[in-house]
């Protein structure tokens with residue numbers, strides 16, 4: 001059996017995008033919603049069928065999962081360097097098919113209720129179809145250039161969805177900010193791809209990821225500033241991944257991206273698009289691991305650890321519930337990156353890689369649930385801010401319970417899915433880097449605290465005496481919440497260590513009880529502190545924020561990174577660099593060309609009378625010329 005049919009998984013959402021986009025004004029909104037849901041339901045069914053066939057039927061040969069590739073040559077650069085287009089089926093691509101299809105389907109169903117009555121309803125579902133196509137294409141890519149093409153398509157989809165409310169200036173600014181920041185990061189990605197293509201003569205993942213292949217070994221001796229060119233290429237590629245996954249310091253676009261509709265936040269900026277950077281590092285993991293003893297992989301680990309801590313600290317102080325979840329996403333993505341950074345390759349040594357993919361899967365489910373739950377709350381109270389919420393458990397029981405499940409899962413409470421994946425990450429960190437392990441444990445406590453600060457602030461606390469009594473969301477919105485809550489409860493029991501490992505052989509994982517107890521105690525401590533501070537209204541939070549003074553202010557203002565970027569951009573790049581260059585270009589370059597042109601015009605004005613078109617003028621000129629020449633000749637003859 002082959003997997004040729006898998007090409008239908010991205011093509012079906014592409015078809016829905018084309019139909020909804022071209023016939024935007026002719027299709028009834030209700031029909032467009034059903035069409036989008038039908039398209040993603042078909043892709044989801046095919047994804048699950050592919051997963052079943054791969055993991056439980058034909059994928060494993062002699063104890064090792066095989067890689068299946070269907071491709072065709074699209075563009076030739078040289079006799080050896082070409083760009084292929086096709087599909088690559090292996091453990092992480094199949095896992096990502098499940099993640100993207102499930103989350104996208106739930107968002108499509110949820111959006112039928114959330115976006116009901118919106119003027120751009122059909123346009124919204126068209127954009128969702130484009131995003132789903134782009135993301136499916138990205139995870140199925142067979143080579144670096146193909147993944148880059150879909151990487152940029154995902155960026156376009158993100159731009160369109162973040163700026164969906166294009167009449168709202170803040171949404172337009174957020175869309176431009178996300179697009180520009182990620183484009184800067186993607187420049188690094190592109191340069192890394194070109195370096196790899198130049199030195200290895202291939203973009204193909206199978207060839208590049210062969211630990212014993214010549215693609216890696218050939219450029220081990222070629223160095224630049226003390227590092228091999230392959231290491232530089234991997235660092236540049238990681239910059240692209242860091243931009244897409246909002247790692248420090250390229251994180252500034254993610255909080256503002258919450259300007260898009262809440263289903264967009266769940267689909268793009270929590271569960272699928274932002275994990276593309278993690279997926280990219282995982283896809284090239286053998287290269288990261290084997291080149292120069294994993295030097296580039298160490299960078300991944302430390303950037304991930306710092307980003308995780310940095311974002312968790314900021315999340316504690318935010319008051320917009322979507323921004324809390326945005327920084328939570330950044331923190332959890334840091335967790336996934338640090339897990340990859342501390343991973344080995346063979347057998348149990350690859351626990352970090354497995355844990356990263358495991359957490360990618362579980363996090364996608366409970367973070368999408370958190371965002372969709374937040375959307376349900378916003379839909380009910382028409383506000384994003386905690387100060388406008390409280391006591392909603394009485395009005396929204398389904399949202400309350402599902403949100404609680406997601407909060408417990410992300411806090412690592414046994415036996416929910418987040419407990420298992422986070423425990424494996426901490427095990428990998430403890431075995432390879434105690435400093436990163438310490439950061440991971442501390443972040444686990446912060447995560448539990450800020451998530452239950454959010455939960456108690458929304459569903460408990462003081463009833464705000466709403467002008468219009470909030471009510472539970474319609475079934476189209478609560479059904480996806482219940483499905484995602486169920487997966488968040490049972491997803492941790494999937495034997496990921498037997499399915500997804502760097503060497504594709506699998507291993508039997510065991511719960512590290514001492515480390516699990518430590519993480520659980522820390523998480524419960526965070527929940528307990530949030531209970532004391534926010535379960536009932538009191539002044540403890542205000543007293544503590546006042547006690548921290550300047551640090552609290554810096555944290556609340558996200559350490560002023562937006563202001564720093566704005567200062568560097570406007571005052572240094574625009575005013576100090578771009579403005580002098582623009583002056584030189586306008587005054588010197590353009591001025592020189594304009595001066596030459598102006599002088600030409602002046603001269604032509606003065607001499608154009610010579611060609612008057614009058615015969616007598618020409619005769620006078622001819623005779624005058626003859627006389628002058630005769631006088632010159634006589635003068636020369638006599639002297």
Worksheet item: Helix 615-638 sits at what angle to the longest principal axis of the chain, using alpha carbons and giving 0 to 90 degrees rounded to 10?
Response: 70 degrees
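Explain nothing, just the number: relative contact order of segment 53-206, from Cα pairs under 8 Å at least 6 residues apart, as a whole percent.
Working: 158 pairs, mean separation 32.5, N = 154.
The value is 21 percent.
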Worksheet entry | Rounded to 10°, Cα long-axis angle of helix 351-381 versus longest principal axis of the chain | 90 degrees
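Arrange the peptides 437-450, 103-116, 35-48 so that the one whose residues have, on average, the most other Cβ atoms within 10 Å appears first.
Values: 437-450: 23.0, 103-116: 24.6, 35-48: 20.5.
By packing density, highest mean first, the sequence is 103-116, 437-450, 35-48.
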Practice prompt. Would you please put 167-180, 146-159 in order of how densely packed they are, using the mean number of other Cβ atoms within 10 angstrom per residue and starting with the highest?
Written response: 146-159, 167-180
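Which value in deg cm²/dmol, rounded to the nearest 500, describes the helix-derived mean residue ellipticity at 222 nm for the chain, given -39,500 (n - 2.57) per DSSP H run of n ≥ 4 and division by the residue count?
Taken over the chain, the calculation gives -21500 deg cm²/dmol.
Using Cβ contacts closer than 10 Å as the measure, can you line up 577, 458, 252 from fewest to most?
Details: 577 10, 458 26, 252 18.
So the ranking, lowest neighbour count to highest, is 577, 252, 458.
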Worksheet item: Tell me, how many Å apart are the Cα centres for segment 47-98 and for segment 470-516?
Response: 24 Å
Discussion item. Given the chain, report the % of alpha carbon pairs whose separation exceeds 41 Å.
Written reply: 32 percent
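How do the peptides 335-347, 368-380, 536-548 rank, highest first, by the average count of neighbouring beta carbon atoms within 10 Å per residue? The partial results should precede the final answer.
Working: 335-347: 25.2, 368-380: 27.6, 536-548: 11.8.
Packing proxy ranking, top to bottom: 368-380, 335-347, 536-548.
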Worksheet item: Which distance in nm do the two modelled labels at residue 168 and residue 607 give, with both placed 7 Å along the Cα-to-Cβ direction?
Response: 6.5 nm
Practice prompt. Could you tell me the distance between the Cα centroids of segment 528-589 and segment 387-428, to the nearest Å?
Written response: 30 Å
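How high is the relative contact order of the chain, given as a whole-number percent (alpha carbon pairs under 8 Å, six or more residues apart)?
Numbers: 1008 pairs, mean separation 75.3, N = 639.
Rounded, it is 12 percent for the chain.
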Worksheet item: Which angle between 0 and 90 degrees, to the nearest 10, do you get for helix 121-140 versus the longest principal axis of the chain when only C-alpha atoms count?
Response: 90 degrees
Discussion item. Could you tell me the calculated FRET efficiency between residue 554 and residue 435, based on Cβ-Cβ distance and R0 = 22 angstrom, to the nearest 0.05?
Written reply: 0.40
Worksheet, complete the sentence: Taking Cα pairs closer than 8 Å and at least 6 residues apart, the relative contact order of segment 397-545 in percent is 39 percent
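Rule-based calculations on the coordinates, nothing more; no lab input. Just so you know, these numbers come straight off a predicted model, no measurement behind them. All Cβ positions, even for glycine, are placed from backbone atoms using ideal geometry, and neighbour counts span all protein chains on display.
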